[in-house]
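Okay, so here's the structure we're looking at.
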Amino acid sequence: MKDYYKILGVEKSASEDEIKKAFRRLAHQYHPDRPDGNEDKFKEVNEAYQILSNQDKRRQYDQFGQTFDGNNPFQGGGFDFNFDHSNLEDLGNISDLFDNLFEGFGMRKRKTYQRGSDLEVGFQITLEEAFRGVEKDVIYPTQLICQDCSGAGHFPKEGFTDCSACDARGEIRENRNTFFGNFSQVRRCEKCFGSGQLPNKSCGKCIGFGRIKSERSIPVAIAPGIRSGQIIKVPGAGEAGERGASAGDLYVKIILQPHQDFELRGDDLVIKKEINLLDILSDNKVKVKTIEGKEIDLKISVGTDLNEEFKVVGKGMTQLGSGLLKKRGDLFVKFVIKTPKKVSGKMKKVLEELKKETE
Ligand SMILES: [Zn+2]
Ligand SMILES: [Zn+2]
């Protein structure tokens, strides 16, 4: 039979407050997220607290050495934390201790320390990069976890002292006398951030905040077909939280640089192409470059209206979300017609002959 009083290191006659205090201290000490934590001890301490903090259960335990609620989740020995939620409530402000632990169990969280901010950064890429997709290092100013104290803001191994401002309660009760009577209000202790304990040694590098201003570089995969204004979310890449609280997210807003040749129009690309009338008449072919850096021959057939855009099917921009299929829009060529700069006597003659032929 387990001795819950011994586990918490308190007397059998301990008050509710003493039990709570002992629990807080030990939960701090054994928390599995700490480098020197101990999951088994932590579990044991929690088990003891669940029983001794509940008046009915404590009475049963004192009397019979066990409790009779029939579903003691700890009897199975598993670390399943399926216990009475109401007891979590009075853990109050030290619940940050449990943040990571309970996140996976769908439990309500109470935040003590501030989560890191989300960040949004604009990031420019070329049209070619947007066409084929690319992985880029995005560099941005942010708050990083302090390496000296691993983000805690203090050194847990140096121990803790009860906070004198709140008498180790983590909260401060204030009484107000008003015309209507006495009111008492409870607020979180700012000195110990609600933990009831002050670390014996704070981190000098981050002055206790657990994070420092810095710069970060993170690789971001950009899918083919992305467009200006689209945002890529990188969870957890925002600012580090204070004193080990969770980090914010990073939002990378893509901006396509203007291209010197191509204009993006929906899924289509538009390119201007200078052509010489004589070239067309003699060859019927025009070379045009594509976004993938190739050159293609356009066949201009007789009767083509050169004032209209010439459509090349499937040579436009990648459609976003088209995946491996990489569906593409079309390429539209706008002709800019040029006449020869000089017309020699010989050319003139030939052209006159031609003119007769076409009449
Ligand atoms: Zn305090
Ligand atoms: Zn630090």
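The values are calculated or read from the model by the stated rules, or taken from the named source; none is laboratory data. This is a predicted model, so every value here is computed, not measured. As a convention, Cβ positions derive from the backbone with ideal geometry for all residues, glycine included, and neighbour counts pool all protein chains shown.
For this structure, a couple of remarks:
- Any chance Gly236 is outside the structural domain of Thr126 (by TED's automatic domain parsing) and either over 26 Å from Thr318 (Cβ atoms) or at pLDDT below 95 (or both): no
- Flag if Ala165 is within 16 Å of ligand 1 (Cβ to nearest atom) and either of a type in the set (Val, Ile, Thr) or in a loop (DSSP other than H, G, I, E, B) (or both): yes
- Whichever residue in the range 183-204 is among the basic types (Lys, Arg) and part of a strand (DSSP E or B) and, among such residues, is farthest from ligand 2 (Cβ to nearest atom): Arg187
- Selection status of Glu295, farther than 25 Å from Pro224 by Cα and not aliphatic (A, V, I, L, M): no
- Matching option when the condition is within 24 Å of Leu250 (Cβ to Cβ), in contact (Cβ under 8 Å) with a residue 12 or more places away in the chain, more than 16 Å from ligand 2 (Cβ to nearest atom) and crowded, with 17+ Cβ neighbours inside 10 Å, among Gly225, Gly229: Gly225
- Residue in the range 266-285 that is at pLDDT 85 or above, farther than 22 Å from Asp330 by Cα and polar (S, T, N, Q) present: no
- Residue satisfying all of: in the range 122-154; in a loop (DSSP other than H, G, I, E, B) and out of contact with any Cys (no Cβ under 6 Å at 6 or more places or on another chain); modelled with the highest pLDDT among these: Thr126
- Note on the range 186-204: residues that are more than 16 Å from ligand 1 (Cβ to nearest atom) and touching a strand residue (DSSP E or B) at 6+ places or on another chain (Cβ under 7 Å) amount to 2.
- Qualifying residue in the range 169-182 (condition: acidic (Asp, Glu), out of contact with any His (no Cβ under 8 Å at 6 or more places or on another chain), touching a residue at least 60 places away in the same chain (Cβ under 8 Å) and within 16 Å of ligand 1 (Cβ to nearest atom)): yes
- Counting the residues of the range 1-49 that are surrounded by 19 or more Cβ atoms within 10 Å (Cβ to Cβ) and touching a Ser or Thr at 6+ places or on another chain (Cβ under 9 Å) gives 5.
- Of the residues screened, Gly210 is one that is within 16 Å of ligand 2 (Cβ to nearest atom) and surrounded by 14 or more Cβ atoms within 10 Å (Cβ to Cβ).
- Pairs where the first residue, in the range 107-121, is modelled with pLDDT under 50 and the second is crowded, with 16+ Cβ neighbours inside 10 Å, C-beta under 6 Å, 6+ apart: Lys109/Asp99; Arg110/Ser95
- Count of residues meeting criterion [aliphatic (A, V, I, L, M) and more than 46 Å from the chain's Cα centre (by Cα)] in the range 279-305: 6
- Applying a threshold of 6 Å to beta carbon distances and a minimum spacing of six or more residues, or different chains, the list of pairs starting in the range 302-320 at a residue that is within 12 Å of Ile291 (Cα to Cα) and ending at one that is in a loop (DSSP other than H, G, I, E, B) and of a type in the set (D, E, K, R) reads Gly316/Asp267; Gly316/Asp330; Met317/Asp267; Thr318/Lys326.
- Within the set Gly316, Gly293, the sole residue that is assigned to a loop (DSSP other than H, G, I, E, B), small (Gly, Ala, Ser) and surrounded by 16 or more Cβ atoms within 10 Å (Cβ to Cβ) turns out to be Gly316.
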